[in-house]
Amino acid sequence: MKYLVVSDNHGDQEILKTLLDHYSASVTAFIHCGDSELDYHDPLVARMTAIVQGNMDFDREFPITAQLQFGADHIFVTHGHHYGVNLGLDHLLAVAKEAGANFAFYGHTHQLACEYTQGVFMLNPGSISQPRGQYANLGGTYALVDSQAKKIVVDYYDRQLAKVPALHFEFNR
């Protein structure tokens, strides 16, 4: 299973159109972790597998969380602000485990991150439009997650759809 995970475009619709057009036929799911600033009825929303409400999404029709199931992958999706991700991932990890998820995708911090802990793979794709932190100089990132039987492979990409070689990660299950 391949998942495209994006977050925090903050109204930049063009990058979402670019990603949807480029990847729609090659990924299992297109997942948005919030702060899209889209209207719930925007045609772009209908093209995504899941999209959640961020703290800057004022259309309350977006759900706070989403759960997806693809084979053995149970994915918990949230923006992260309700789970204190700025202060650490313990609360998000607990909620994901309680939901029976083995993947937790989140945004909010505008900083990319991924780790595999206590049987849950946790990933922040970073902000596609307003990045912060160590990799802000890339101008924005999204992640492709390849869920395989024995491992999880993650590659981060920049806004030009170019793989960032230094941001390749593999986790054994």
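Each value in this text was obtained by applying a stated rule to the coordinates, not by laboratory testing. As the structure is a computational prediction, the values presented were derived from the model and not from experiment. With ideal geometry, Cβ positions are generated from the backbone for all residues, glycine too; neighbour counts draw on all protein chains shown.
Data for the structure
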{"read-out": "Estimated 222 nm signal from helices in the chain, with DSSP H stretches of n ≥ 4 weighted -39500 (n - 2.57), rounded to 500", "value": "-3500 deg cm²/dmol"}
{"read-out": "Backbone HN-Hα couplings from phi across segment 123-139 [Karplus 6.51/-1.76/1.60, Hz, Gly and Pro as x]", "value": "9, 10, x, x, 8, 6, 10, 9, x, 10, x, 3, 9, 4, 5, 6, x"}
{"read-out": "Neighbourhood charge, 15 Å Cβ-Cβ cut-off, centred on Ser129 and excluding it, Lys, Arg +1 and Asp, Glu -1", "value": "-4"}
{"read-out": "Residue order, fewest to most beta carbons within 10 Å, for His10, His79", "value": "His10, His79"}
{"read-out": "Tally of Lys pairs whose C-alpha atoms are under 24 Å apart, taken over the chain, 8 or more apart or cross-chain", "value": "10"}
{"read-out": "Farthest toward positive dipole pole in segment 89-173 [+1 Lys/Arg, -1 Asp/Glu at C-beta], among Pro131, His168, Gly119", "value": "His168"}
{"read-out": "Vicinal HN-Hα couplings computed from phi for segment 140-145 (Karplus, 6.51 cos²θ - 1.76 cosθ + 1.60; Hz; Gly/Pro x)", "value": "x, 9, 9, 10, 10, 10"}
{"read-out": "Euclidean distance between Cα centres, segment 8-33 to segment 36-111, Å", "value": "15 Å"}
{"read-out": "Footprinting exposure proxy for Val120, Val145, Val45, Val77 (fewest neighbouring C-beta atoms within 10 Å first)", "value": "Val45, Val120, Val145, Val77"}
{"read-out": "Residues whose placed amide H lies under 5 Å from that of His74, excluding near-sequence neighbours", "value": "Asn102, Phe103"}
{"read-out": "Gained length - Asn172 relative to Glu14, 0.36 nm times residue gap less alpha-carbon distance", "value": "53.4 nm"}
